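Novice: The structure is given below, and queries will be raised subsequently.
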Amino acid sequence: MQSSICNPIKGLKNGLSCHTCPYKCVTKYELNRHLRKHTGEKPYKCDLCDNRFSRRENLEMHIKYKHTKEKNFSCHVCQYKCVRKNQLNLHLRKHTGEKPYKCDICDNRFPHRANLESHIKFKHTKEKNFSCHMCQYKCVTKSNLNLHLRKHTGEKPYKCDLCDNGFSHRTSLERHIKLNHTKEKNFSCHMCQYKCVSKGDLNIHLRKHTGEKPYKCDLCDYKFSYKTTLNSHIISKHYNK
């Protein structure tokens with residue numbers, strides 16, 4: 001006889017209900033699994049590290065992604081490889097420019113839901129509860145603070161597999177690979193022979209021709225074409241005195 005935990009509950013027209021949210025299901029197994037979202041219970045532990053998971057399939061996915069080298073899905077445009085097909089589909093948006101997630105507050109669109117959620121929280125809320133203990137930087141999320149702190153610590157956890165360069169941010173590594181290890185330069189300057197990988201790079205380059213200086217120092221009247229130049233100015237002129 002099968003265990004009752006996997007059998008549909010009989011005699012209940014509407015099945016089983018969660019006492020915390022409107023979730024309903026047919027089996028006690030499904031309800032128990034759902035309740036872990038509320039209780040935080042994570043019974044499945046990885047034997048290779050300290051991570052724990054609420055579902056067995058999440059543990060299996062973690063092991064495959066973090067502890068094996070099996071990357072069977074390859075990008076036909078660049079050298080990117082990954083474990084799952086959905087990861088490849090997300091990656092391909094970098095090449096296609098697809099941005100299916102639109103902000104309801106402004107006209108910005110994003111390739112990933114996480115990007116949209118970060119945008120809304122960062123651009124449309126004033127809540128910046130995380131502060132840097134080394135400078136006046138404040139931000140919305142702890143992950144943003146951790147990324148920022150790498151400017152002070154010099155930590156570069158993202159290493160290029162094609163050369164010895166290391167980067168503090170994943171986006172910087174991806175940009176490096178696209179710029180230095182692929183030939184795909186689809187953006188051209190109409191005033192000179194400069195070509196580049198992204199529209200952002202082209203916009204930055206165009207300032208050489210237009211003289212645009214959008215970055216102003218808050219401590220004096222100097223303006224700069226590039227954020228890196230502004231940062232260097234602040235450090236050399238205002239912090240090293």
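The values are calculated or read from the model by the stated rules, or taken from the named source; none is laboratory data. Everything quoted here is computed from the prediction, not taken from an experiment. Here Cβ is always computed from backbone atoms with ideal geometry, including for glycine, and neighbour counts include all displayed protein chains. Ligands, DNA and RNA are stripped out before the accessible areas are found, and what is left, the full protein with its side chains, is counted by its heavy atoms. Shrake-Rupley method; radii C 1.70, N 1.55, O 1.52, S 1.80 Å.
Novice: Go over the candidates Lys128, Lys156, Lys151 one by one and state the one that is surrounded by 11 or more Cβ atoms within 10 Å (Cβ to Cβ), at pLDDT 80 or above and in a loop (DSSP other than H, G, I, E, B).
Specialist: Lys156
Novice: Starting from the range 74-98, take each residue that is closer than 21 Å to Lys159 by Cα and at pLDDT below 90 and list its partners that are of a type in the set (Gly, Ala, Ser) and open to solvent by 80 Å² or more (accessible area, probe 1.4 Å), counting only C-beta distances under 8 angstrom and pairs at least six apart or across chains.
Specialist: Hits for this filter: zero, empty list.
Novice: Which one is farthest from the chain's Cα centre (by Cα), of the residues in the range 90-123 that are open to solvent by less than 80 Å² (accessible area, probe 1.4 Å) and polar (S, T, N, Q)?
Specialist: Among them, the one singled out is Asn108.
Novice: Would you say Gln79 is closer than 30 Å to Ile235 by Cβ, assigned to a loop (DSSP other than H, G, I, E, B) and either open to solvent by 70 Å² or more (accessible area, probe 1.4 Å) or touching a helix residue (DSSP H, G or I) at 6+ places or on another chain (Cβ under 8 Å) (or both)?
Specialist: So Gln79 fails the test.
Novice: Of all the residues that make up the range 124-171, how many are over 20 Å from the mean Cα position of the chain (by Cα), among the aliphatic types (A, V, I, L, M) and more than 27 Å from Cys78 (Cβ to Cβ)?
Specialist: Going through the range 124-171 one residue at a time, the tally reaches 1.
The rows are residues; the columns are (1) among the hydroxyl-bearing types (Ser, Thr, Tyr); (2) open to solvent by 70 Å² or more (accessible area, probe 1.4 Å); (3) touching a Cys at 6+ places or on another chain (Cβ under 9 Å); (4) in a loop (DSSP other than H, G, I, E, B).
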| residue | (1), (2), (3), (4) |
| --- | --- |
| Asn144 | no, no, no, no |
| Asp164 | no, yes, no, yes |
| Thr182 | yes, no, yes, yes |
| Leu202 | no, no, yes, no |
| Lys208 | no, yes, yes, no |
| Thr229 | yes, no, no, no |
| Ile234 | no, no, yes, no |
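Novice: Condition test on Ile177, is it part of a helix (DSSP H, G or I) and under 26 Å from the mean Cα position of the chain (by Cα)?
Specialist: Criteria met by Ile177.
Novice: Could you give me the residue pairs with C-beta distances under 7 Å whose first residue belongs to the range 40-54 and is of a type in the set (A, V, I, L, M), whose second residue is outside any loop (DSSP other than H, G, I, E, B) wherever it lies, and which are 6+ apart or on separate chains?
Specialist: Leu48/Ile63
Novice: Here's another thing I want to ask about it. Considering the range 188-200 alone, what residues qualify as being surrounded by 13 or more Cβ atoms within 10 Å (Cβ to Cβ) and in a loop (DSSP other than H, G, I, E, B)?
Specialist: Scanning the range 188-200 gives Cys189, Tyr194, Val197, Ser198.
Novice: Right, another one. Out of everything in the range 50-64 that is among the hydrophobic types (A, V, I, L, M, F, W, C) and out of contact with any His (no Cβ under 9 Å at 6 or more places or on another chain), what residue ends up being surrounded by the most Cβ atoms within 10 Å (Cβ to Cβ)? Give the steps one after another, and end with the answer.
Specialist: In the first step, residues of the range 50-64 are kept if they are among the hydrophobic types (A, V, I, L, M, F, W, C); the result is 53, 59, 61, 63.
From the residues that got through so far, the ones that are out of contact with any His (no Cβ under 9 Å at 6 or more places or on another chain) too are 59, 61, 63.
Numbers: Leu59: 19, Met61: 14, Ile63: 16.
Per the stated criteria, the residue is Leu59.
Novice: Somewhere in the range 212-219, is a residue over 19 Å from Thr171 (Cβ atoms), part of a helix (DSSP H, G or I) and more than 30 Å from the chain's Cα centre (by Cα)?
Specialist: No, there is no match, as no residue in the range 212-219 is over 19 Å from Thr171 (Cβ atoms), part of a helix (DSSP H, G or I) and more than 30 Å from the chain's Cα centre (by Cα).
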